[in-house]
Amino acid sequence: MKIAVIGATGTVGKAVVAQLASRHEIIEVGNRSGQYQVDMTDIRSVEALFGKIGKVDAVVSTAGKLHFGPLQELTPEKFGIGLRDKLMGQINLALVAQHHLNDGGSITLTSGILSDEPILQGVNASTVNAALDGFVRAAAIELKRGIRINVVSPTVLEESLASYGPFFYGFQAAPASRVAQAYSRSVEGAQTGRVYKVWQ
């Protein structure tokens, strides 16, 4: 298969590429690096990306920014970080990708454990992740031509504990290599509308 991985140079993205590269042709896409660049928050940039790479069999997104901070200090601007980037950025990808996938292709997005297990200072993340899970379940029943869509919901990564560990005391971390297996299951499997939780 020809697979576009958006966020390919990040921690999860690198693990996904490593998981799939031996079996498929991988197109690595980043914000500022990779074979191609895209700004997910700008749908014209997303359309331009697919204009360059052409038809693909699968699209995987491991990208998206969130805001962490106390509820009392949240502003619409701070809350908008997650809404614009991780939520609408990935939705933009899905909306455009559906028209550039081969029949029977797949889209895999990324949410996270905070949709089910909120933490202090994680209101933006919980909201965005829950919205992504809902989008995928709803989109799955409308996609045409046998196109599938799923979302991977990982726990905190072992590789990210140095940065995010204080937010996730009591959570069992997972290595990126284990998380990458869920993306493989989504891309190479047959299910649609699934939330693959890498923490149960």
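Considering the stretch 23-34, the residues that are open to solvent by 50 Å² or more (accessible area, probe 1.4 Å) and modelled with pLDDT of 95 or more include one that is nearest to K52 (Cα to Cα), namely E28. Taking the stretch 166-183 as the range and being open to solvent by less than 20 Å² (accessible area, probe 1.4 Å) and assigned to a helix (DSSP H, G or I) as the test, the residues that pass are A176, V179, A180, A182, Y183.
Residue-wise test of (1) touching a strand residue (DSSP E or B) at 6+ places or on another chain (Cβ under 9 Å); (2) assigned to a helix (DSSP H, G or I).
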{"position": "K78", "(1), (2)": "no, yes"}
{"position": "I81", "(1), (2)": "no, yes"}
{"position": "L87", "(1), (2)": "no, yes"}
{"position": "A94", "(1), (2)": "yes, yes"}
{"position": "N102", "(1), (2)": "yes, no"}
{"position": "S106", "(1), (2)": "yes, no"}
{"position": "L109", "(1), (2)": "yes, no"}
{"position": "E117", "(1), (2)": "no, no"}
{"position": "L120", "(1), (2)": "no, no"}
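Of the residues making up the stretch 2-21, those that are open to solvent by less than 30 Å² (accessible area, probe 1.4 Å), aliphatic (A, V, I, L, M) and not in a helix (DSSP H, G or I) are I3, A4, V5, I6, A8. Of all residues in the stretch 22-59, exactly one satisfies the criterion of being small (G, A, S), in contact (Cβ under 8 Å) with a residue 24 or more places away in the chain, over 16 Å from N102 (Cα atoms) and not in a strand (DSSP E or B), namely S33.
Per the conditions (1) modelled with pLDDT of 95 or more; (2) surrounded by 18 or more Cβ atoms within 10 Å (Cβ to Cβ), the sole criterion not satisfied by A48 is (2). For the residues I107, I113, the requirement of being under 26 Å from A18 (Cβ atoms), in contact (Cβ under 8 Å) with a residue 60 or more places away in the chain and among the β-branched types (V, I, T) singles out I113. Given the criteria small (G, A, S), more than 23 Å from P166 (Cα to Cα), buried (at least 16 other Cβ atoms within 10 Å of the Cβ) and touching a residue at least 24 places away in the same chain (Cβ under 8 Å), does A94 qualify? So A94 fits the description; yes.
Total residues in the stretch 66-81 satisfying the condition of being in contact (Cβ under 8 Å) with a residue 12 or more places away in the chain and either out of contact with any Phe, Trp or Tyr (no Cβ under 9 Å at 6 or more places or on another chain) or open to solvent by 40 Å² or more (accessible area, probe 1.4 Å) (or both): the figure is 9. Looking only at residues in the stretch 136-165 that are in contact with a helix residue (DSSP H, G or I) (Cβ under 7 Å, 6 or more places away or on another chain) and farther than 13 Å from R194 by Cβ, which one is surrounded by the most Cβ atoms within 10 Å (Cβ to Cβ)? Once the filter is applied, the top-ranked residue is P154.
The values are calculated or read from the model by the stated rules, or taken from the named source; none is laboratory data. Predicted model, so just to flag it, every value in this text is computed and none were measured. A quick note on method: Cβ atoms are made from the backbone with ideal geometry, for glycine too, and the neighbour counts reach across all protein chains shown. For the accessible areas, the whole protein counts, side chains as well, though only heavy atoms, and no ligand, DNA or RNA atoms are used. Shrake-Rupley method; radii C 1.70, N 1.55, O 1.52, S 1.80 Å.
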